[in-house]
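Engineer: Let me begin by handing over the structure; questions about it come next.
Here, each number is a calculation from the coordinates, and none is a lab measurement. These numbers were taken from a predicted model, which means no experiment stands behind them. Cβ placement follows ideal geometry from the backbone for every residue including glycine, while neighbour counts extend to all protein chains displayed.
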Amino acid sequence: MTCGELLVRLLQDLGVEVVFGIPGVHTVELYRGLPATGIRHITPRHEQGAGFMADGYARVSGKPGVCFVITGPGMTNILTAMAQAYADSIPMLVISSVNRTHELGMGGGRLHELPSQRALVAGVSAFSHTLMRPEELPQVLSRAFAVFSSARPRPVHIEIPLDVITQSAGPELTKVGASTSRPMPDPTAIASAAQLLAAAQRPLLLLGGGSADAGSSATHLAELLDAPTAYTINAKGVLPRGHRLSVGSNQSLPPVRSLAAAADVVLAIGTELGETDYDVVFDGGFRLTGKLIRIDIDAEQLQRNFPADIAIISDARAAIDALVAALSNDTGPGRGHGVDSVGSTQAAAARAALAAQCPPAWRSQREVLQLIQDTLPDVIIAGDSTQPVYCGNHLYEATRPRSWFNSSTGYGTLGYGLPAAIGARLAAPSRPVVALIGDGGIQFTLPELGSAVEAGTPIIVLLWNNRGYGEIKRFMQQRSIKPIGVDLHTPDFLSIARAFGCAAAHATSLSHLGELLRTAASATCPTLIEVMEDAPFLQP
Ligand SMILES: Cc1ncc(C[n+]2csc(CCOP(=O)(O)OP(=O)(O)O)c2C)c(N)n1
Ligand SMILES: [Mg+2]
């Protein structure tokens with residue numbers, strides 16, 4: 001067994017079912033043992049596509065997305081996707097080759113050589129490791145999986161020198177470390193938090209992506225506290241749709257900001273309290289004046305953005321359950337229950353105020369989103385950065401967690417939606433998956449339509465076409481800058497999609513769009529549906 005063969009065998013033992021990669025002369029040895037493992041290989045058309053697919057796969061499955069890339073250009077190409085995953089705390093394992101050990105750092109002008117690949121990756125990974133001997137492999141993979149399952153999940157990079165990948169590896173190396181347990185909350189801190197919460201007159205609950213797997217516990221806690229609850233874009237679906245205490249993902253809008261400013265105790269769980277969820281209007285207007293309790297799996301994150309009065313490092317669900325147990329002994333100030341409770345009334349008032357402030361363009365975009373959800377009830381929507389995604393980030397309510405995510409959060413890179421949808425579909429082959437993407441964004445990764453055909457992932461690409469970088473044009477106009485560089489020559493997307501082997505159609509009305517979605521959901525090939533932003537049926 002070579003080191004390369006050992007690697008894929010260990011990945012199989014760790015539960016890896018699919019890898020995303022583009023092979024090169026430097027990585028063929030990663031492929032020698034792959035057929036024997038049953039791990040599926042998906043080939044993107046660019047390494048950025050591999051990273052975005054791995055990200056979409058991880059967001060839906062909760063498991064790390066794994067990529068195989070070559071040294072040098074493969075690594076530089078995947079960096080943007082690693083940065084998106086880093087910003088949104090997504091588990092991703094990137095395995096690359098690197099030049100021979102005696103060539104490292106020598107600047108000899110070898111094929112694909114970089115001065116230091118690890119230095120390049122340092123800013124977008126939890127850690128990056130150069131494998132010097134096959135003996136290191138079980139330990140370093142165990143470390144990577146400890147990050148994915150028991151700490152703040154983030155990309156991990158392992159580079160294997162060309163002379164190490166072919167070295168022989170003995171059978172004694174096939175044992176990986178025991179899985180690591182997750183941090184449990186400190187009982188004293190939980191008691192202090194429960195005391196504050198029990199006495200709160202106007203509590204507010206803020207849920208982030210870190211609470212994605214704690215839905216029922218978080219809902220129970222919200223009800224016990226009778227607290228209006230806001231959740232981030234990556235936490236959509238944690239509260240059931242239409243919950244009486246929900247104020248959605250509207251932390252950047254005045255009605256929710258007023259609730260936050262007036263809250264006497266705020267409980268923030270698994271959220272960075274970061275700009276792309278709390279201040280998409282970039283005015284610094286999200287303020288907290290009450291006591292702040294934070295729960296997070298990342299100790300450093302507990303100290304960023306908003307200082308906490310009580311900072312609890314813990315797995316989200318464990319801390320929520322501990323709080324529920326502590327609060328159940330204490331009935332609190334009696335805010336009532338059900339739709340007439342103080343919290344329900346506050347949340348309903350905030351929702352009504354939000355509805356009244358809805359921009360006119362959102363009405364038709366909301367209808368489109370509603371149509372998707374009504375036609376495909378269990379849909380996963382992987383979005384890019386485009387108009388209906390921004391609208392949905394405020395108004396869309398997912399039916400369950402891990403079903404609405406997009407690249408307008410965190411790093412905010414274009415081109416994510418299409419490949420992420422492919423990864424999502426591989427993680428959930430029986431659920432409909434829609435890539436919601438603009439004409440600008442899709443042109444970053446358009447050839448991945450070919451990957452979707454090849455992978456047999458019949459995703460639905462809903463292309464929002466306004467012939468340009470609409471969002472940036474709007475910004476320029478708002479600032480009285482004459483729009484430059486934002487009106488695009490857009491190709492005939494339908495012909496391109498068909499040439500790749502996809503079905504393609506142009507929606508002419510809302511009911512026609514519904515029909516197209518229904519047909520696409522039962523198709524065996526991917527379908528691109530184009531919606532023109534200036535179509536009469538979308539005008540306010
Ligand atoms: C990689 C990258 N380059 C540039 C940007 C800046 N940017 C943000 S939104 C946007 C416009 C995107 O256009 P499109 O996908 O057509 O969406 P629209 O706003 O027109 O709906 C641009 C250029 C970005 N976010 N990411
Ligand atoms: Mg556009």
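Engineer: Need one number for the stretch 59-110: average projected area of the convex hull over its C-alpha atoms, nm². Each step should come with its number before you reach the end.
Structural biologist: On the way: hull surface 17.3 nm².
Hull-based average projected area comes out at 4.3 nm².
Engineer: Follow-up question, since we're still on this one. Using alpha carbon centroids, what distance separates the stretch 238-304 and the stretch 70-141, in Å?
Structural biologist: 35
Engineer: Using the Kyte-Doolittle scale, find the helices of the chain whose mean hydropathy is at least 0.0 and whose Cα atoms extend 20 Å or more along the helix's long axis, counting only whole DSSP H runs. It would help to have the intermediate numbers written out before the result.
Structural biologist: Working: long enough: 47-61 (21 Å, -0.27); 73-87 (22 Å, 0.51); 342-356 (21 Å, 0.83); 360-375 (24 Å, -0.78).
The answer, listed by residue number, is 73-87, 342-356.
Engineer: If you don't mind, there's one more thing I want to ask. Order of Thr276, Thr289 from fewest to most other C-beta atoms within 10 Å?
Structural biologist: On the way: Thr276 19, Thr289 11.
Taking fewest neighbouring Cβ atoms as first place, the list is Thr289, Thr276.
Engineer: Please provide three numbers in whole Å: the alpha-carbon extents of the stretch 154-212 along the principal axes, with the largest listed first.
Structural biologist: That works out to 65, 21, 15 Å along the principal axes.
Engineer: Between Met106 and Ala122, what length comes free when the chain is fully extended (0.36 nm per residue of separation minus the Cα-Cα distance, one decimal in nm)?
Structural biologist: Details: separation 16, 0.36 × 16 = 5.76 nm, distance 1.97 nm.
Extra length from Met106 to Ala122 when fully extended: 3.8 nm.
Engineer: For Ala356 and Ile481, compute 0.36 nm times the residue count separating them, minus their Cα-Cα distance, and round to one decimal in nm.
Structural biologist: Values: separation 125, 0.36 × 125 = 45.00 nm, distance 2.98 nm.
Once the chain is fully extended between Ala356 and Ile481, it gains 42.0 nm.
Engineer: Follow-up question, since we're still on this one. What number comes out for the charge environment of Ala382, summing +1 per Lys or Arg and -1 per Asp or Glu over other residues with Cβ under 10 Å away? It would help to have the intermediate numbers written out before the result.
Structural biologist: Numbers: positive: Arg59, Arg425; negative: Asp55, Asp384.
Charge balance near Ala382 sits at 0.
Engineer: May I ask you to sort Asp321, Asp277, Asp163 by Cβ crowding, counting other Cβ atoms within 10 Å and putting the fewest first? Kindly include the intermediate steps, with their values, before the conclusion.
Structural biologist: Values: Asp321 17, Asp277 26, Asp163 13.
Going from least to most buried by this count: Asp163, Asp321, Asp277.
Engineer: Using a 10 Å cut-off around each Cβ, can you sort Asp186, Asp298, Asp374 from fewest to most neighbouring Cβ atoms?
Structural biologist: Numbers: Asp186 15, Asp298 18, Asp374 11.
Fewest-to-most Cβ neighbours within 10 Å comes out as Asp374, Asp186, Asp298.
Engineer: Hey, another quick one. Which of rounded, prolate, oblate describes the stretch 276-410, given a ≥ b ≥ c as roots of the alpha-carbon gyration tensor eigenvalues and a/c under 1.5 marking rounded, otherwise prolate only if a/b is larger than b/c?
Structural biologist: prolate
Engineer: Near Lys291, which lysines are there with a Cα under 27 Å away, not counting those fewer than 8 places off in the same chain?
Structural biologist: Lys236
Engineer: From the Cα gyration tensor of the chain, with a ≥ b ≥ c the square roots of its eigenvalues, which class applies: rounded if a/c is under 1.5, or else prolate if a/b is larger than b/c, or else oblate? List each step's numbers first, then the result.
Structural biologist: Details: a/c = 1.93, a/b = 1.21, b/c = 1.59.
Verdict is oblate for the chain.
Engineer: Return P(r) of the stretch 222-266 (all Cα-Cα pairs; 5 Å bins starting at 0; whole %; ordered from short to long distances).
Structural biologist: P(r) for the stretch 222-266, in whole percents per bin: 5, 22, 31, 27, 13, 1.
Engineer: So for the stretch 101-201, what percent of the C-alpha to C-alpha distances run longer than 21 Å? Intermediate values should be presented prior to the final figure.
Structural biologist: Numbers: 2776 of 5050 pairs.
Result for the distance tail: 55 percent.
Engineer: Can you tell me what share of the DSSP beta bridges in the chain is antiparallel? A percent to the nearest 5 is fine. Before the final figure, lay out each step's value.
Structural biologist: Working: 2 of 64 bridges.
Here the antiparallel bridges make up roughly 5 percent for the chain.
Engineer: If you don't mind, there's one more thing I want to ask. For the stretch 94-124, list residues with backbone N below 17 Å from a point placed 7 Å from the Cα of Met132 toward its Cβ?
Structural biologist: Those under the cut-off are 98-106, 117-119.
Engineer: Still on this structure: Of Thr508, Ser407, Ala452, which is farthest towards the positive pole of the stretch 396-540's charge dipole, taken about the Cα centre with +1 and -1 on the beta-carbons of Lys, Arg and Asp, Glu respectively?
Structural biologist: Ranked along the dipole, the leading option is Ser407.
Engineer: Please compute the Cα-Cα pair-distance distribution of the stretch 1-96 with 5 Å bins starting at 0, giving whole percents from short to long.
Structural biologist: In whole percents, the pair-distance histogram is 3, 15, 27, 25, 20, 9, 2, 0.
Engineer: Computed FRET efficiency, Cβ-Cβ of Arg474 and Ala349, R0 35 Å: what is it to the nearest 0.05?
Structural biologist: Details: r = 30 Å, r/R0 = 0.85.
Working from the Cβ atoms, E equals 0.70.
Engineer: Between the stretch 21-49 and the stretch 310-386, what is the separation of their alpha carbon centroids in Å?
Structural biologist: Result: 41 Å between the Cα centres.
Engineer: Explain nothing, just the number: dipole magnitude of the chain about its Cα centre with +1 on each Lys and Arg Cβ and -1 on each Asp and Glu Cβ, in debye rounded to the nearest 20. Write down the numbers at each step before the final one.
Structural biologist: Details: 40 positive and 47 negative charges, 76 e Å.
Here the size comes out at about 360 debye.
Engineer: On a straight-distance basis, which lysines could pair with Lys482 in a cross-link, Cα separation under 23 angstrom, same-chain partners fewer than 8 positions away excluded?
Structural biologist: Leaving aside lysines fewer than 8 places away in the same chain, those within reach of Lys482 are Lys473.
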